[in-house]
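These notes are about the structure you will find just below.
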Amino acid sequence: MNERIWFDFGSGPQLHEEDSNDKINAFIDGVQWACEQLGIDDYRQYDEENDVQPAECGNCEWSGIAGDTVQPIPDLEQRIEAGSEVPVGECPSCGALAYLAEAKGAPQQ
């Protein structure tokens, strides 16, 4: 099974795959080293496929990817109702709950 990782250097998440965990870790180390050498400190690493799914805030105009939301969600159990759509995180812009783009319109608490 291939190991996967996504990096975003400002143009959107790009997938990289290797056939072993050791190779993916070596790739990550290489990216981090190269970024340090080039003075690049504004990149993101996403380890889960769900992190690169489109997400939106139902409260403001923010949209991005799930991995850019605040996780874990503070006071989640007080902010959602039983049976409602589960948010992916908290909006980094306004602090409201953010959902996968397909689920936009779920009730905000």
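Every number here is computed from the coordinates shown, using simple stated rules; none is lab data. Note that the structure is predicted; figures quoted are calculated from it, not measured. Every residue, glycine as well, gets a Cβ built from its backbone with ideal geometry; the counts of neighbours run over all protein chains shown.
From helices alone, the chain scores -6000 deg cm²/dmol at 222 nm; the rule is -39500 (n - 2.57) for each run of n ≥ 4 DSSP H residues, then divide by the residue total. In the chain, the ratio of gyration radius to Kirkwood radius, Rg to Rh, stands at 1.06 when only Cα atoms are counted.
Counting only cysteine Cβ atoms and a cutoff under 4.7 Å, the chain contains unmatched residues Cys35.
Modelled spin labels at Asn2 and Ser20, positioned 7 Å past Cα toward Cβ, are 1.8 nm from each other. Between Arg79 and Ser93, the modelled label-to-label distance comes to 1.6 nm, taking each label 7 Å out from Cα in the direction of the beta carbon. About its Cα centre, the dipole of the chain is roughly 280 debye, where the only charges are +1 on Lys and Arg Cβ and -1 on Asp and Glu Cβ.
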